[in-house]
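The values are calculated or read from the model by the stated rules, or taken from the named source; none is laboratory data. The structure displayed is predicted, hence computed values, not measured ones. Cβ placement follows ideal geometry from the backbone for every residue including glycine, while neighbour counts extend to all protein chains displayed.
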Amino acid sequence: MVARGGGRMSLVWSREPYAPKRQALSVTAIVRAALAVADAEGLEAVSMRRVASEVKSGTTSLYRYVESRDELLDLMADAVWGEGAPGPLTGDWRADLAEVARAQRASVLRHPWLAALMSSRPALGPNSLRRLEHALSAAAALTPD
């Protein structure tokens, strides 16, 4: 079997099969896509199918990287808590706790869907725990009057 094209002949079985180039998937790319969907349309719009569409992949391919929508929500929340590092503590508990509250408010204003996750999911990711530890360190300076 010989195929002809452009004046040249080649063996059909020696040609490279056509395969469109795909971008490699990663947890980071999946989480970024989910964040974009949630920021634009709300948390209800975040589904594995929708995120797969955003990263131009099949839904089942996502499950190689993220086990479930719940896991994706946890990763999304942790990614938001990783945006920007908290400032150093000053030792003034009032000022430090006020800064913690301002930073948390800013995160919720940037990502309004985050408030629902904060009240329904434990903070278990590394960024979430880092923020929690920072807040508790600020509160540790409290002394009974």
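With respect to the conditions (1) in contact with a helix residue (DSSP H, G or I) (Cβ under 8 Å, 6 or more places away or on another chain); (2) of a type in the set (D, E, K, R); (3) assigned to a helix (DSSP H, G or I), Arg105 falls short on a single one, namely (1). All of Leu97, Leu73 fail the test of being within 15 Å of Leu35 (Cβ to Cβ), touching a residue at least 24 places away in the same chain (Cβ under 8 Å) and surrounded by 14 or more Cβ atoms within 10 Å (Cβ to Cβ), apart from Leu73.
Per-residue answers, yes or no, for (1) within 30 Å of Tyr65 (Cα to Cα); (2) exposed (fewer than 12 other Cβ atoms within 10 Å of the Cβ); (3) out of contact with any Gly (no Cβ under 6 Å at 6 or more places or on another chain):
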site	(1), (2), (3)
Gly84	yes, yes, yes
Trp93	no, no, yes
Ala140	no, yes, yes
Thr143	no, yes, yes
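Quick check on region 74-92. Is at least one of its residues in a helix (DSSP H, G or I), more than 30 Å from Ser137 (Cα to Cα), touching a Leu at 6+ places or on another chain (Cβ under 8 Å) and aliphatic (A, V, I, L, M)? Looking through region 74-92, none of the residues is in a helix (DSSP H, G or I), more than 30 Å from Ser137 (Cα to Cα), touching a Leu at 6+ places or on another chain (Cβ under 8 Å) and aliphatic (A, V, I, L, M).
Met76 meets all of the listed conditions (1) at negative phi; (2) modelled with pLDDT under 95 but one, namely (2). Just one of the listed residues (Leu89, Leu114) is at pLDDT 90 or above, of a type in the set (A, V, I, L, M) and closer than 15 Å to Asp39 by Cβ, namely Leu114. Could you tell me which residue of region 119-139 is farthest from Leu89 (Cα to Cα), considering only residues that are outside any helix (DSSP H, G or I) and in contact (Cβ under 8 Å) with a residue 40 or more places away in the chain? Step by step, filter region 119-139, then rank; the result is Arg121.
Return yes when Trp81 is at pLDDT below 95 and in contact with a Lys or Arg (Cβ under 6 Å, 6 or more places away or on another chain) and no when it is not. In short, yes. From Leu142, Leu114, Leu124, which residue is within 15 Å of the chain's Cα centre (by Cα) and over 24 Å from Ala40 (Cα atoms)? Step by step, each of Leu142, Leu114, Leu124 is checked, and only Leu124 is within 15 Å of the chain's Cα centre (by Cα) and over 24 Å from Ala40 (Cα atoms). Sub-7 Å Cβ pairs linking a first residue in region 23-37 that is in contact (Cβ under 8 Å) with a residue 40 or more places away in the chain to a second residue that is of a type in the set (Ser, Thr, Tyr), at least 6 apart or interchain, are Leu25/Ser57; Leu25/Ser61; Leu25/Tyr65; Val27/Tyr65; Ile30/Tyr65, ordered by first then second residue.
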